[in-house]
Amino acid sequence: MTNRIAGYDGVAVAVPVTVPYERFSIRGAHWFIARALKALVDGAGISKDEIDGLCVGSFTLAPDSAVGLTQHLGLSPRWLDHVPMGGASGIVSLRRAARAVQAGDAEIVACIAGDTNHVDSFRLSTATFSMFAQDAVYPYGAGGPNTSFAFLTAYYMRTYGAKPEDFGKLCVAQRSNALQFPHALFKKPLTLDEYLNARPVADPLRLFDCVMPCAGAEAFLVMSEDRARRLGLPHARLRGAIERHNAFPDDPVQHRGGWVMDRDRLYESAGIGPEDIDLLEAYDDYPVICMLQIEDLGFCGKGEGPDFIRRHTFEANGSFPFNTSGGQLSVGQAGAAGGTLGIVEALRQVTGQSLGARVENARHALVSGFGMINFDRGLCTGAAILAAT
Amino acid sequence: MSETIKRPKRKNPILKTRAPTLPPDRRSRIALGLVRGAALGNLELQCCAACGAVQYPPREACVRCLSAELEWTVMSGRGELVSETTLHHSQELFFRERMPWRLGLVRLAEGVSLVVHLDARCGPAPSPVIVEAVLDRAGQAALVAKPDGGNTALADEPKLRNFTSDPRFRKVLVTDAKSPVGQAVVRAVLEAGADLVWAGHCEPWKNPPGWPAIAELPKVTLVPLDVTDTKSVNELAAELGFKVDIVINTAEHHRTFGIFGRAGVETARAEMETNCFGLLRLAQAFGPVMQARGADGETSAVAWVNLLSIYALSNFPQHATYSASMAAALSVAQALRAEMRVAGIRVVNIFPGPIDDEWNQLLLPPKLAPSAVARAIVGALKGSVEDVYPGDIAQDWLARFRDNPKALERELGR
């Protein structure tokens, strides 16, 4: 392990915002990001001129980036970042914004992830998602991320003995959480039978293993605790955060993620262990990656995920509260916002602002991100611990 | 021949003929390096000249040592299937029309991972496989994993057939069936399972050895065709162009003169008339209607073969004007390839060295038997290549050409 890194003392995360999701939208990504910014300033009771830092994650903003947004939305930030890391963009944005606030480079940073979803957006986005995807994956069946996660799921099942029912249990529990969350696009209960009998998409993946792309945005503010108190905002403390890219490149199949390399540092900086975590908001575009996060973030050993799932319940009031707003699998995947959904939900839980199912006495929430299937695996991992004040 | 491929049902004439679709064909320039090997049937991956690391997908630098000296190197293809899936859903029309579609994740012996089209005959993961580079219907290089051992012909697997131009059950036009090569091609495509062959012939007074026997073969229909005569070409296309699935253009005119060996341009013009303009006439008459049939069921229009010459690469001064006409024909064939690609129809160029016929009498061996040329053509159709250099001379000249084209020019001019 390298030198101890400085902690995130004095950093507050506040004003959880969800711009309601839509399956398809005729609007641009700018619209969703603008709605998020408006909700942030309204929620904080500040004028938008007080936002002096902006961090954006989006797939569908092209030809703009965060730069174009400043003029589009009339901001003059002194700190600006664009984090093109998909499902890890939320965690990475949080890390960077926290450092900017600690260093005095910005006082209030708006972290916004949002995307639109036109009828043909998903195909266009997967066809040219990355150079490796375009050259070496998409021409093979054009299955999009389903293909990569099918390989990973099949390998994991064969190697560690996971059963379809194990993945199904997570999906069913998340749906149960989603039924209480007003912004979830899925409004009907899901039974294990329905999960198991859903149509195959990419063996062994079935319909309810795959996120549904949609439009929407998620956002939060990062500022000093002092500022949050002066504004009278309920807020969470950032107790630790990690990121890693292209970990374990020599593994023939991605059976572990970068979290394994950095989790000790995460818990050390937070001064707690996995046993102190009250809820886990994991990145869940497919349930197998939930299994990996449960293992790689230290809740059980490698390969023990299936057993862990059989031993626990995952509803908000269960033995292991998990993706308590329903996760992307039941709320929808609003592009890059999928990587911020968990942060926003964790923030609501530890600040007592839950919109749906509530985790009692939630003190410590672990949020995890996973992003950017580049060739045969996801490259970006990240995680953060948010704590109640 | 495998029995797994059944004769397709007759076309329902009420249904609209489907329009051709293609697999995604966008690639980075560096990834197009794969096509160089795949065009010849070789699996070539980048290998670092500095540290020896093999890498995939193609990159602009060595993933291990960052060297920019990356050489496309032939791989064994041996590897292990580490995971697999069968897609039931695709974003692209080409695959939606062919669901379900099996894919594999393969770890090559060289230590790199590949996403591949997976042969149905491969056992479940983990299992040993052989990876080959083929050409997909968009003409792009694609990786295919087949079982390690046993009969693994691409054309015998129902999905991987998509990568071939298998003559089985198809209707073939051989433009000059009278020449020794033409006769051998007729026999070879029939042996490969073609439904019928239209045997083109002109100059009816000529009756060379073997020709009466060809004319009597079942499934062979003689058709008058003079590729130097636009009217003749157009009439034949009007009569049967909408039924032709494969064109094999064997028509050629060959005389053996250097530039100073014969005054005037009459010989050169005659060679151009057949070898270059003949191809152009055929392409204009048969190409568009074949394009329209690129997705006409399991026995759609599928390929166009040009019998060129290794002299098309670099002029052989003893056969100067013939070489020039073949270079011109190659250029036309490249344009034809580009235009046929939108319909998924493959243009295959054959570059033989000297064929053992009357016009190469004075050349020393090795010379190619006409049957060897025919085998090369049928092999290309049953497999998945677009450039074929049959025989030792062609292979030797190709190697010299790729190594140093200026050196080959001097060597041929000696």
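The values are calculated or read from the model by the stated rules, or taken from the named source; none is laboratory data. Small disclaimer: the values here were computed from a predicted structure and weren't measured. Note that we place each Cβ from the backbone using ideal geometry, even for glycine, and neighbour counts take in every protein chain shown. These area figures cover heavy atoms from the full protein model, side chains too; ligands, DNA and RNA do not enter into them. Shrake-Rupley method; radii C 1.70, N 1.55, O 1.52, S 1.80 Å.
Some observations on this one:
- Which numbered condition residue A:167 fails, given (1) in a loop (DSSP other than H, G, I, E, B); (2) surrounded by 19 or more Cβ atoms within 10 Å (Cβ to Cβ); (3) under 23 Å from the mean Cα position of the chain (by Cα); (4) not acidic (Asp, Glu): (1)
- Test: residue in the range B:67-86 that is open to solvent by 40 Å² or more (accessible area, probe 1.4 Å), under 21 Å from residue B:344 (Cα atoms) and not in a strand (DSSP E or B): no
- Any hit, the range A:36-45, residues being assigned to a loop (DSSP other than H, G, I, E, B) and either modelled with pLDDT of 95 or more or farther than 19 Å from residue A:106 by Cα (or both): yes
- Those residues of the range A:129-143 which are surrounded by fewer than 19 Cβ atoms within 10 Å (Cβ to Cβ), at the interface with chain B (Cβ under 7 Å from one of its Cβ atoms) and closer than 24 Å to residue A:215 by Cβ, in sequence order: none
- Restricting A:74, A:7, A:68 to those that are in contact (Cβ under 8 Å) with a residue 60 or more places away in the chain and of a type outside the set (A, V, I, L, M) reduces the list to A:7.
- Pick from the range A:97-127, criterion over 30 Å from residue B:93 (Cβ atoms) and in a helix (DSSP H, G or I), ranking: farthest from the other protein chains (Cβ to nearest Cβ): A:101
- Per-region count, the range A:170-210, residues within 20 Å of the chain's Cα centre (by Cα) and either surrounded by fewer than 19 Cβ atoms within 10 Å (Cβ to Cβ) or more than 14 Å from chain B (Cβ to nearest Cβ) (or both): 17
- Lone qualifier among B:385, B:378, B:347 - being part of a loop (DSSP other than H, G, I, E, B), hydrophobic (A, V, I, L, M, F, W, C), under 28 Å from residue B:245 (Cα atoms) and open to solvent by less than 30 Å² (accessible area, probe 1.4 Å): B:385
- Residues within the range B:142-152 that are at pLDDT below 95 and either open to solvent by less than 40 Å² (accessible area, probe 1.4 Å) or not assigned by TED's automatic domain parsing to the domain that holds residue B:123 (or both), tallied: 1
- Applying the condition of being among the acidic types (Asp, Glu) and facing chain A (nearest Cβ under 9 Å) to the range B:79-136 and asking which residue is nearest to residue A:135 (Cα to Cα) yields B:136.
- Within the option set B:178, B:146, being within 19 Å of residue B:306 (Cβ to Cβ) and not aliphatic (A, V, I, L, M) holds for one residue only, B:178.
- Matching residues in the range B:179-212 - criterion: being part of a loop (DSSP other than H, G, I, E, B), open to solvent by 20 Å² or more (accessible area, probe 1.4 Å) and in contact with a helix residue (DSSP H, G or I) (Cβ under 6 Å, 6 or more places away or on another chain): B:210
- For the range B:37-55, the criterion of being over 23 Å from residue B:382 (Cβ atoms), in a loop (DSSP other than H, G, I, E, B) and within 14 Å of another protein chain (Cβ to nearest Cβ) is satisfied by at least one residue.
- Qualifying residue in the range B:125-139 (condition: part of a loop (DSSP other than H, G, I, E, B), more than 23 Å from residue B:340 (Cβ to Cβ) and out of contact with any Cys (no Cβ under 7 Å at 6 or more places or on another chain)): yes
- Single residue of the range A:244-266 satisfying the filter (under 17 Å from the mean Cα position of the chain (by Cα) and in a loop (DSSP other than H, G, I, E, B)) that is nearest to residue A:91 (Cα to Cα): A:258
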